[in-house]
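Let me begin by presenting the structure, written as structure tokens, before commenting on it.
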């Protein structure tokens, strides 16, 4: 199994919307700002992939662009980890664009990175398992990093 290296201060982390585009909606802007602030407090540099903030309808209708963001994050050697924005209900639609793409498969195998998310993201964890990459069924950007409270939940903060 390919084990990604742990985060260190200054690392870039990609935020991808593989399921729901809620992160790109105006009503989520406060969480976008809060999550960005918290990642920076961890010493990480968030990189929102090009399609991650395009909203619910765009993300729903363009699985190829969701896949493109994930591929781009793996191909970019300056990005050390990937955090899913949130779960959803149709991430499986990205698989044909990824599992049939030799460049993506090679990027995963040659440039392993931390990948974290849950719920609908389970399909991605299974995909990465098939490719030999250790992943983390864990925090997503909106529900954990951007926890709507004075701070992240202690367990999540400690383990992240």
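A short reminder: the numbers here are calculations on the coordinates, not readings from a lab. For clarity, every value in this text was computed on a predicted model and none was experimentally measured. Neighbour counts are summed over all protein chains in view; Cβ atoms, including those assigned to glycine, are modelled from backbone coordinates with ideal geometry.
Which members of region 106-138 meet the condition of being assigned to a loop (DSSP other than H, G, I, E, B) and touching a strand residue (DSSP E or B) at 6+ places or on another chain (Cβ under 6 Å)?
Looking only at region 106-138, we keep the residues that are assigned to a loop (DSSP other than H, G, I, E, B), and these are 111-113, 118, 132, 134-135, 138.
If the condition is that a residue be assigned to a loop (DSSP other than H, G, I, E, B) and touching a strand residue (DSSP E or B) at 6+ places or on another chain (Cβ under 6 Å), then 112, 113, 118, 132, 135, 138 are the ones that fit.
Of the candidates 46, 50, 6, the single residue that is within 14 Å of residue 81 (Cβ to Cβ), part of a loop (DSSP other than H, G, I, E, B) and under 17 Å from the mean Cα position of the chain (by Cα) is 6.
Output the residue which, of all residues in region 139-151 that are in a loop (DSSP other than H, G, I, E, B) and under 25 Å from residue 55 (Cβ atoms), is farthest from the chain's Cα centre (by Cα). Filtering first and then ranking leaves 148. Remark: pairs (first residue in region 85-100, surrounded by fewer than 20 Cβ atoms within 10 Å (Cβ to Cβ); second residue in a loop (DSSP other than H, G, I, E, B); Cβ separation under 6 Å; 6+ apart in sequence or on different chains) = 87/19.
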